[in-house]
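Asker: Below is the structure I would like to discuss, written out as structure tokens.
The values are calculated or read from the model by the stated rules, or taken from the named source; none is laboratory data. Bear in mind the structure is a predicted one, so any value in this text is a computation, not a measurement. Methodologically, a virtual Cβ is constructed for each residue, glycine included, from the backbone with ideal geometry; neighbour enumeration extends over all protein chains shown. Keep in mind that these areas ignore ligands, DNA and RNA; they rest on the heavy atoms of the full protein, side chains included. Shrake-Rupley method; radii C 1.70, N 1.55, O 1.52, S 1.80 Å.
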Amino acid sequence: MSETVSANGMDSETFDQFIDQLERYVRERLLPAEKEVIANDRVPEDILSEMKDMGLFGLTVPEDYGGAGLNTRQYAQVVRTIAYAAPAFRSIFSINVGMFNSAIKNGGTDEQKAEWWPRIAAGEVACFGLTEPGSGSDSAAMQTFAKPDPDGNGWILNGTKRYITNAPHADVGLIMARTEKDALPKNAHVSAFIVPMDTPGVSVGSADEKMGQAGSHVADVMLDDVHVPGDALLGGETGQGFRFAMQSLDNGRISVGAASTGYARRALDSALKYANERQAFGEPIANFQLIQQMLAESWTEIYAAEAMMADVTARVDRGEDTIKHAAAFKAFASEMCGRVVDRVVQIYGGAGYLAEYDAERFFRDARIYRIYEGTTQILQLQIAKRMLREYANM
Amino acid sequence: MKILVPVKRVIDYNVKPRVKADGSGVDLANVKMSMNPFDEIAVEEAIRLKEAGKAEEIVAISVGPAKAQETLRTALAMGADRAILVETDDEVEPLAVAKILKAIAEEEQPGLVMLGKQAIDDDSNQTGQMLAALMQRPQGTFANTVEIDGDSVIVKREIDGGLETVKLTMPAIVTTDLRLNEPRYASLPNIMKAKKKSLDVKTPADYGVDTAKRLTTTNVAEPPVRQAGEKVEDVDALVMKMKALGIA
Ligand SMILES: Cc1cc2nc3c(=O)[nH]c(=O)nc-3n(C[C@H](O)[C@H](O)[C@H](O)COP(=O)(O)OP(=O)(O)OC[C@H]3O[C@@H](n4cnc5c(N)ncnc54)[C@H](O)[C@@H]3O)c2cc1C
């Protein structure tokens, strides 16, 4: 039942009305609050609670569980809309509606759905712990270990997770850990655990200083003899964690692609305005054809990413296998965003290098999109691997 | 107490209006339409009164095309309880709207009719006043604050040079000004709930009102383009310039 609901999504009239409100919210509330987010390195409390009230934390959670039941196409559109504003606004609910939600959807038991969906839809913040100090792209090499609790049916977790988005704010984490010492085929040595962040033994390091995305935080998560009950194991079975994580990554990649597309649009809009206002040689720089080329190339590439987004999300909603498409969209959109923000700095000229103007923060903020949820190189490897396998099977 | 909130579907305030080439009006083809911002303030104020326990029911009303249902859905998503669309494709004038609202008020018996001081499309600033006259009830226009006091409503009005306070016996008509409140954004859960709220569709004929135009638009033109300014060296130069222009 919830599967069909999520494929069809919300009826378009209601959805359009929401996007309308959201566009306004972005324009009237989020954009004016950006300076404050950057200065204080956090999303203001009143905006956070507005975002929760608006239902942003439960966009993808099925309606029966307190969410909005958006399908992937609609979800990506919301992400793209909000990503027009500073990235911190998307970041704070991105794990809820992305990784955490889809892991529960793909792997959760009925009890786990009943417990966690309503909580994250109501605004409890989730984080996702895959990366470790010694493993990132090769995440299956993780060292965090979960061993059966000798005194009951639960588990005891030990290890460290690194660069975990939202860790300092999170109420719950989806933690990937080994349940076997030796690596197994299909990474069946990895399992996923739902760990409330206030469980004794869980601690969070101080937020890492980073290049951009002010107001969004990453930190280490340390697990020191963390006891969790048996029902914390996602899906109730060991050996499934990596599969759930990878299925969820598809969704996460679409989210990063959508964010890149929205932010590229923002940067380009700002450059278009600047190019019309800034005068050189007695006329607006927008009159110069070399500036126009940068504007036109950027517009074209954003359009291409939007078209890819429409295609890949429609495929997901039809239930197709989209590993290649999602990877291609994320890789293209994030690299595209990188090219656009670079051109935008160029169009701004010297002002593009100064913190007083927006261009340099667009440039810094966009850089992470090419790295997390799979670096461009890892995505290219996956696309090629699929291509070669398909060729071999032809 | 019941509050009626009439809302109008108008060109979105962020859209730059374009005048039709033949000067017959503003081009509305493929233009984003939204709830008149002053009406949004009226909806918000009504909801706040309800939240404060001063009102029990909020009925949103729109007179306009079938598409005005969207505007009513927005009012419902913000917190109105039910809605009435009086559907007509005619371009309705303030007097016709006021007559329809009067007929609805007779059926609904509200304590307050709260509406925007004007709609940003034609800026008439007449509907509320005409309604008050037709209903022979007191009016508090350009409201800056609204407070219920027993059987009365106390309205601080924005007037030239300050605020004027009036106390009106209800039922009364209040028109809202910009600074009364900051309207909320409709949340996704509330937009979803609004789908299930009742929205009645009527016609002007149901209220015995003839919406035929009584006014003719002879010409609509863009405002003149503003002349570029001029930079002056210092205050003395500025004063001289202003004197030369006859404005100082
Ligand atoms: C701001 C931020 C937020 C993050 N949020 C989260 C989070 O919430 N949860 C989480 O689990 N992780 C998170 N991460 C981690 C992120 O997903 C990883 O940093 C990313 O996957 C890359 O892993 P790595 O840093 O270990 O780089 P490495 O794997 O060490 O890669 C270094 C370089 O080598 C390249 N490379 C690696 N392997 C290959 C190969 N086989 N062939 C070719 N090139 C290769 C990579 O492309 C890259 O260029 C976050 C990171 C950041 C910076």
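Asker: Helix hunt in chain B: which complete DSSP H runs extend at least 18 Å axially by C-alpha with mean Kyte-Doolittle at least -0.5?
Answerer: B:37-51, B:94-108
Asker: Determine by what factor the alpha-carbon radius of gyration of region B:135-201 differs from 2.2 N^0.38 Å, reporting the quotient.
Answerer: Dividing the Cα Rg of region B:135-201 by 2.2 N^0.38 Å gives 1.45.
Asker: Counting Lys and Arg as +1 and Asp and Glu as -1, what is the net charge of the other residues whose Cβ lies under 12 Å from the Cβ of B:Lys20?
Answerer: Its environment carries a net charge of -2.
Asker: Provide the net charge surrounding B:Lys167, with neighbours chosen by a C-beta distance below 12 Å and charges set as Lys +1, Arg +1, Asp -1, Glu -1.
Answerer: With Lys, Arg at +1 and Asp, Glu at -1, the net is -2.
Asker: Next question. Rounded to whole Å and sorted largest first, what semi-axes of the equivalent ellipsoid does the C-alpha gyration tensor of region B:1-130 yield via the square root of 5 times each eigenvalue?
Answerer: Taking √(5λ) for each eigenvalue gives 26, 16, 12 Å, largest first.
Asker: In Å and from the alpha-carbon atoms only, list the Rg and Dmax of region A:137-269.
Answerer: In Å, with Rg to one decimal and Dmax whole: 16.5, 60.
Asker: Could you state the number of Å between the C-alpha centres of region A:243-278 and region A:142-194?
Answerer: Distance between centres, Cα-based: 31 Å.
Asker: Rounded to the nearest 0.05, what FRET efficiency do A:Ala314 and B:Val31 give with R0 = 25 Å and r taken as the Cβ-Cβ distance? Could you check?
Answerer: Working: r = 28 Å, r/R0 = 1.13.
The value I calculate is 0.30.
Asker: So, one more: If you take every DSSP beta bridge fully contained in region B:2-245, what fraction is antiparallel? Give it as a percent rounded to 5.
Answerer: 40
Asker: Size of region A:252-368 along its principal axes in angstrom, Cα-based, largest extent first?
Answerer: Over region A:252-368, Cα extents along the principal axes are 56, 26, 15 Å.
Asker: Just flag the GluC sites (Glu not before Pro) in region A:317-394 sitting in loop per DSSP whose Cβ has no more than 13 other Cβ atoms within 10 Å.
Answerer: A:Glu320, A:Glu356
Asker: Per residue of chain A, what 222 nm ellipticity follows from adding -39500 (n - 2.57) for every DSSP H run with n ≥ 4, rounded to the nearest 500?
Answerer: So the calculated ellipticity at 222 nm is -16000 deg cm²/dmol.
Asker: Under a 1.4 Å probe, what is the accessible area of region B:2-245 per residue, stated in Å²?
Answerer: Using a 1.4 Å probe on heavy atoms only, each residue of region B:2-245 averages 53 Å².
Asker: Moving to a separate point now. How large is the accessible surface of A:Met294 in square angstrom, using a 1.4 angstrom probe and rounding to the nearest 10?
Answerer: 40
Asker: On to the next question. In whole Å, what are the extents of chain A along the principal axes defined by its C-alpha atoms, from largest to smallest?
Answerer: Each principal axis gives a Cα extent; for chain A these are 80, 55, 44 Å.
Asker: At most 14 other Cβ atoms within 10 Å and a DSSP loop assignment: could you name the trypsin sites (Lys or Arg not before Pro) in region B:170-248 that fit?
Answerer: Numbers: sites: B:Arg179, B:Arg184, B:Lys193, B:Lys195, B:Lys196, B:Lys197, B:Lys202, B:Lys213, B:Arg214, B:Arg226, B:Lys231, B:Lys241, B:Lys243; in loops: B:Arg179, B:Arg184, B:Lys195, B:Lys196, B:Lys197, B:Lys213, B:Arg214, B:Arg226, B:Lys231.
Here the trypsin sites (Lys or Arg not before Pro) that fit, given the DSSP loop and packing criteria, are B:Arg179, B:Lys196, B:Lys213, B:Arg214, B:Arg226, B:Lys231.
Asker: Find the centroid of the Cα atoms in region B:178-239 and in region A:86-113, then give the distance between the two in whole Å.
Answerer: Centre-to-centre distance over Cα atoms comes out at 40 Å.
Asker: Just to confirm a number: summing +1 for Lys and Arg and -1 for Asp and Glu over residues other than B:Leu131 whose beta-carbon lies under 11 angstrom from that of B:Leu131, what do you get?
Answerer: Counting the neighbours of B:Leu131, the net charge comes to +3.
Asker: Still on this structure, I have one more. Taking the DSSP beta bridges in the protein assembly as shown as the whole, what percent of them are antiparallel, to the nearest 5?
Answerer: Beta bridges within the protein assembly as shown, antiparallel portion: roughly 60 percent.
Asker: Helix-derived [θ] at 222 nm for chain B: sum -39500 (n - 2.57) over DSSP H runs of at least 4, divide by residue count, nearest 500?
Answerer: My calculation for chain B gives -8000 deg cm²/dmol from helical runs alone.
Asker: Quick one: what do you get for region B:2-245 if you divide its Cα Rg by 2.2 N^0.38 Å?
Answerer: Working it through for region B:2-245, the quotient is 1.15.
Asker: Starting from the amide H of B:Asp27, placed 1.01 Å from N in the peptide plane, find each other amide H under 5 Å away whose residue is 5 or more places distant or on another chain.
Answerer: Counting only residues 5 or more places away or on other chains, the set is B:Arg18, B:Val19, B:Lys20.
Asker: Give me the number: length gained by fully extending B:Leu215 to B:Ser24, i.e. 0.36 nm times residue separation minus the C-alpha to C-alpha distance, one decimal in nm.
Answerer: The span from B:Leu215 to B:Ser24 would gain 67.4 nm if fully extended.
Asker: Check B:Ser152: other-chain or 5+ apart residues with amide H under 5 Å from its amide H, H built from backbone geometry?
Answerer: Correct list: B:Met170.
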